[in-house]
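Participant: Right, I'll just put the structure down here and ask away after.
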Amino acid sequence: MDDSIHYETLLCEITEQIATVTLNRPRVLNALNAQVFTELNKLFSALARDPAVRVILLTGAGEKAFAAGADIGELTSTNRVTGRALSRRGSSIFRQIETCGKPVIALINGFALGGGCELAMACTLRLAAETAKLGQPEVKLGLIPGYGGTQRLPRLVGQSAALKLLLTGEMIPAQEALRIGLVDEVVAPEHLLERGGELARSILAMAPLAVSGCLEAVLKGAERSLDAALSIETSIFGRLAGTADKAEGTRAFLEKRPPSWTGR
């Protein structure tokens, strides 16, 4: 990654193939303004290209918020044209995060509302602190979610549960988010980063090409019919069957020893 790029709204630390990205606007509950989007675009582009990074953790600075949503000050001046452009840009950057080719684990340490909840949903997995609260309150502003919320939320929790949140603007606690499938785990706040690291290291122990293959198969398959998705799976399976890592993995299993992955 290019260490010469300076970020004013984000922090990034890379340790043992794990990049920890922190939204760093705690005074405004890590609200997502235009600069945050610009820097997320640059940083995730760099992380996607960096062979030294295999898993990304994403969290918010401070104890109160992952990201409390869009910058309302920026929303007040939008009209039909600029609102569409704002939505298109945010949606595109969240899609970039979703399809960066590496697992991205959201560590939801507080409020994840509006755009913040949409950002979490664009991640591969979501861990929430017991104190976290999630929701899509855009209807209270006369809007709908504009960064993928109306599409990812039903895919995660089902149409009825999604519409209940979307139509009421209700904010739900972490345990309810876990019950409906919006988050994958709930942990004590003081253990959130530790648990994220554990999960990241468990992924690092797996074959790199197989991890990226799983991501590719799920994301591409979700957009197609079952028959077309099965064809994608078959293609990726065949591609991986010819790799050195597959030969090593099967050999290590038979020899009852840990595999040594090369990513080839």
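Participant: Of the conditions (1) in contact (Cβ under 8 Å) with a residue 12 or more places away in the chain; (2) touching a strand residue (DSSP E or B) at 6+ places or on another chain (Cβ under 7 Å); (3) surrounded by fewer than 18 Cβ atoms within 10 Å (Cβ to Cβ), Glu13 satisfies every one except a single condition; which number is it?
Facilitator: Result: Glu13 fails condition (1) only.
Participant: Here's something else I'd like to know. Working carefully through the options Ala177, Ala200, Ala205, Ala217, find the one that is surrounded by fewer than 17 Cβ atoms within 10 Å (Cβ to Cβ) and either of a type in the set (A, V, I, L, M) or in contact with a Gly (Cβ under 6 Å, 6 or more places away or on another chain) (or both).
Facilitator: From the options Ala177, Ala200, Ala205, Ala217, the qualifying one is Ala205.
Participant: Quick one: how many residues across the range 121-132 are surrounded by fewer than 24 Cβ atoms within 10 Å (Cβ to Cβ), part of a strand (DSSP E or B) and of a type outside the set (A, V, I, L, M, F, W, C)?
Facilitator: The total comes to 0.
Participant: Go through (1) touching a helix residue (DSSP H, G or I) at 6+ places or on another chain (Cβ under 7 Å); (2) of a type in the set (Gly, Ala, Ser); (3) crowded, with 16+ Cβ neighbours inside 10 Å; (4) in the same structural domain as Phe94 (by TED's automatic domain parsing) for Ala229 and report which single condition fails.
Facilitator: With respect to (1) touching a helix residue (DSSP H, G or I) at 6+ places or on another chain (Cβ under 7 Å); (2) of a type in the set (Gly, Ala, Ser); (3) crowded, with 16+ Cβ neighbours inside 10 Å; (4) in the same structural domain as Phe94 (by TED's automatic domain parsing), Ala229 is out only on (4).
Participant: While we're on this one: Restricting to the range 51-77, count the residues that are surrounded by fewer than 16 Cβ atoms within 10 Å (Cβ to Cβ), in a loop (DSSP other than H, G, I, E, B) and of a type in the set (Val, Ile, Thr).
Facilitator: Of the residues in the range 51-77, 0 are surrounded by fewer than 16 Cβ atoms within 10 Å (Cβ to Cβ), in a loop (DSSP other than H, G, I, E, B) and of a type in the set (Val, Ile, Thr).
Participant: Between a first residue in the range 228-240 that is charged (D, E, K, R) and a second residue that is surrounded by 16 or more Cβ atoms within 10 Å (Cβ to Cβ), which pairs have beta carbons less than 6 Å apart while being 6 or more apart in sequence or on different chains?
Facilitator: Pairs found: Glu233/Ala217.
Participant: Something else: State whether the residues of the range 65-73 include one that is of a type in the set (D, E, K, R) and either modelled with pLDDT of 95 or more or farther than 17 Å from Gly114 by Cα (or both).
Facilitator: Checking the range 65-73: not a single residue is of a type in the set (D, E, K, R) and either modelled with pLDDT of 95 or more or farther than 17 Å from Gly114 by Cα (or both).
Participant: Give the residues of the range 93-120 that are under 14 Å from Leu32 (Cβ atoms) and either in contact with a strand residue (DSSP E or B) (Cβ under 7 Å, 6 or more places away or on another chain) or part of a strand (DSSP E or B) (or both), sorted by residue number.
Facilitator: Once the filter is applied, which keeps residues that are under 14 Å from Leu32 (Cβ atoms) and either in contact with a strand residue (DSSP E or B) (Cβ under 7 Å, 6 or more places away or on another chain) or part of a strand (DSSP E or B) (or both), the range 93-120 yields Ile97, Ala106, Phe111, Ala112, Leu113, Gly114, Gly115, Gly116, Cys117, Leu119, Ala120.
Participant: Please enumerate the residues belonging to the range 134-174 that are touching a residue at least 60 places away in the same chain (Cβ under 8 Å) and exposed (fewer than 15 other Cβ atoms within 10 Å of the Cβ).
Facilitator: Passing the criteria: Leu141, Arg155.
Participant: Moving on. Taking the range 40-50 as the search range and keeping residues that are crowded, with 19+ Cβ neighbours inside 10 Å and in contact with a helix residue (DSSP H, G or I) (Cβ under 7 Å, 6 or more places away or on another chain), which one is nearest to Pro173 (Cα to Cα)?
Facilitator: Here the answer is Leu40.
Participant: Inside the range 78-120, can you point out the residues that are of a type in the set (Gly, Ala, Ser), surrounded by fewer than 23 Cβ atoms within 10 Å (Cβ to Cβ) and within 16 Å of the chain's Cα centre (by Cα)?
Facilitator: Ser91, Ser92, Gly101
Participant: Of the conditions (1) in contact with a Gly (Cβ under 7 Å, 6 or more places away or on another chain); (2) exposed (fewer than 15 other Cβ atoms within 10 Å of the Cβ); (3) over 20 Å from Glu194 (Cβ atoms), His6 satisfies every one except a single condition; which number is it?
Facilitator: (1)
The values are calculated or read from the model by the stated rules, or taken from the named source; none is laboratory data. Quick caveat, the model's predicted, so the values are computed rather than measured. All Cβ positions, even for glycine, are placed from backbone atoms using ideal geometry, and neighbour counts span all protein chains on display.
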